[in-house]
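K.L.:
Would you mind keeping the following structure in view while I ask a few things?
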């Protein structure tokens, strides 16, 4: 089974310098690619000089995470793609458990390793943690991370189990399944495009898996940090768009209505906490979502599964202090 590691880069020379050595050291006999999104720093020159074994795919423009991977992966021939963020440190034997899972079940389309925080290595990391889940209102969360609350890793997620979505910071996916779904929805640009893709795969009858036998460490926020209103805009717009695309029709209206109301309160909260530009970002996200509804409806698949959730009313339970999630 062939695996190709594909690292998307945009002006990330410092990340490549810091983390490529671990990828090369622990991924021997595996093809490593850097897909460059038209960087304006000297990333390409740096790679050619210092890492000549790494293959380079050059995109003509910076079109974000979703379109950047869609374009770059066209030039990579492999049974399994590993989409790896440039700010990720990998560990010894990180590939074998993942390849084993793919080998055991042809219906597994995507796999995620355990994702810990590079700066606090005993903590789970926000973007993926112990595997992605979703609640009945479409709020994504993780085993080991609910909203901004992150758990300490004490081996509680060292299992191998089916999950709802796999994190895009270290996403292993069969190339056949990736292209059967037409890749990422490029409108998302960045944030939650991997959740949308995993949901579409589940609607098509595929499985998404997590393995705690493989570990990576993620810095996080390398492109857009949490304080950037652009990140707030993308998260709110993309999440609503994903719901319209993937929910069964009978769930679309009630779930979207509930989310629009809750988003209003969330916007006020973010505005108070992080600055009023974040409230404006939520409002802009709603208007952008409305404008894209006709296109989103056209992209719906023939079959939608009932929303597969591990928790109901997560936002109320979390913020009102209930422990019975």
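We did not get these values from a lab; they are worked out from the coordinates using the rules stated. None of these values were measured; they are calculated from a predicted model. Don't worry about glycine lacking a Cβ; one is built from the backbone with ideal geometry, like all the others, and counts go over all protein chains shown.
K.L.:
Given R₀ = 35 Å, what would the calculated FRET efficiency be for residue 24 paired with residue 297, taking r from the Cβ atoms and rounding to 0.05? Numbers along the way, then the final one.
P.N.:
Working: r = 45 Å, r/R0 = 1.28.
Working from the Cβ atoms, E equals 0.20.
K.L.:
Something else: Between residue 204 and residue 45, what is the FRET efficiency for a Förster distance of 41 Å, r being their Cβ-Cβ separation, to the nearest 0.05? Don't skip to the answer; put the middle values down first.
P.N.:
Details: r = 42 Å, r/R0 = 1.02.
After rounding to 0.05, the efficiency reads 0.45.
K.L.:
Could I ask something else about it? Using per-residue counts of other Cβ atoms within 10 Å, averaged over each peptide, order 183-194, 153-164, 202-213 from highest down. All intermediate terms of the calculation are to be shown ahead of the outcome.
P.N.:
On the way: 183-194: 21.8, 153-164: 15.5, 202-213: 19.8.
The densest-packed peptide leads the list: 183-194, 202-213, 153-164.
K.L.:
Between residue 79 and residue 280, what is the label-point separation in nm under the 7 Å Cα-to-beta-carbon projection?
P.N.:
5.2 nm
K.L.:
Points 7 angstrom from Cα along the Cβ direction at residue 119 and residue 96: gap in nanometres?
P.N.:
Placing both labels 7 Å beyond Cα along the Cβ direction yields 3.3 nm.
K.L.:
On to the next question. If you count, for each residue, the other Cβ atoms within 10 Å and average over each peptide, how do 11-23, 36-48 line up from highest to lowest?
P.N.:
On the way: 11-23: 18.4, 36-48: 16.1.
Descending packing order for the listed peptides: 11-23, 36-48.
K.L.:
How large is the convex hull of the Cα atoms of segment 166-222 per residue, expressed in Å³ as a whole number? Before the final figure, lay out each step's value.
P.N.:
Details: hull volume 5.2 nm³, N = 57.
Hull volume over Cα atoms, normalised by residue count, gives 91 Å³.
K.L.:
In deg cm²/dmol and to the nearest 500, what is the mean residue ellipticity at 222 nm of the chain if only DSSP H runs of at least 4 residues count, each as -39500 (n - 2.57), divided by the residue total? Don't skip to the end; give the middle numbers.
P.N.:
Numbers: 10 runs with 129 residues, N = 325.
Taken over the chain, the calculation gives -12500 deg cm²/dmol.
K.L.:
Roughly what percent of Cα-Cα pairs across the chain reach past 37 Å? Walk me through the numbers before you get to the answer.
P.N.:
Working: 6468 of 52650 pairs.
Above the 37 Å cut-off, the chain has 12 percent of its Cα pairs.
K.L.:
7 Å from Cα along Cα→Cβ at both residue 180 and residue 269: what's the point-to-point distance in nm?
P.N.:
Result for the modelled spin labels: 3.8 nm.
K.L.:
Over 14 Å apart: what share of the alpha carbon pairs of segment 94-179 falls there, rounded to a whole percent?
P.N.:
Values: 2355 of 3655 pairs.
Result for the distance tail: 64 percent.
K.L.:
Here's another thing I want to ask about it. To test your reading of the geometry: what angle, between 0 and 90 degrees and rounded to tens, separates the Cα axis of helix 276-298 from the longest principal axis of the chain?
P.N.:
90 degrees
K.L.:
Can you tell me the FRET efficiency between residue 257 and residue 11 if r is taken as the Cβ-Cβ distance and R0 is 30 Å, rounded to the nearest 0.05?
P.N.:
0.15
K.L.:
Ranked highest first by the average count of other Cβ atoms within 10 Å around their residues, in what order do 257-263, 76-82 fall? Could you put the intermediate results ahead of the total?
P.N.:
Working: 257-263: 14.6, 76-82: 18.6.
In descending order of packing, they fall as 76-82, 257-263.
K.L.:
Counting just the Cα atoms, what span does segment 107-248 cover along each of its three principal axes? Round to the nearest Å and put the largest first.
P.N.:
Over segment 107-248, Cα extents along the principal axes are 38, 37, 27 Å.
K.L.:
If you line up the long axis of helix 249-274 against the longest principal axis of the chain, both from Cα atoms, how many degrees apart are they, to the nearest 10?
P.N.:
Computed tilt is about 80 degrees.
K.L.:
Using only the alpha-carbon atoms, how far is helix 13-25 inclined from the longest principal axis of the chain? Give it as 0 to 90 degrees, nearest 10.
P.N.:
70 degrees
K.L.:
Using the reciprocal of the averaged 1/r over all distinct C-alpha pairs, how large is the Kirkwood radius of segment 240-288 in Å? Mind showing how you got there, number by number?
P.N.:
Numbers: mean 1/r = 0.0874 Å⁻¹.
Answer for segment 240-288: a Kirkwood hydrodynamic radius of 11.4 Å.
K.L.:
Give me the percent of DSSP beta bridges within the chain that run antiparallel, rounded to the nearest 5. Let's see the in-between values first.
P.N.:
Details: 23 of 49 bridges.
Of all bridge pairs located within the chain, approximately 45 percent are antiparallel.
K.L.:
Pairs of Cα atoms under 8 Å, at least six residues apart: use those to get the relative contact order of segment 140-230, whole percent.
P.N.:
Working: 68 pairs, mean separation 32.0, N = 91.
It rounds to 35 percent for segment 140-230.
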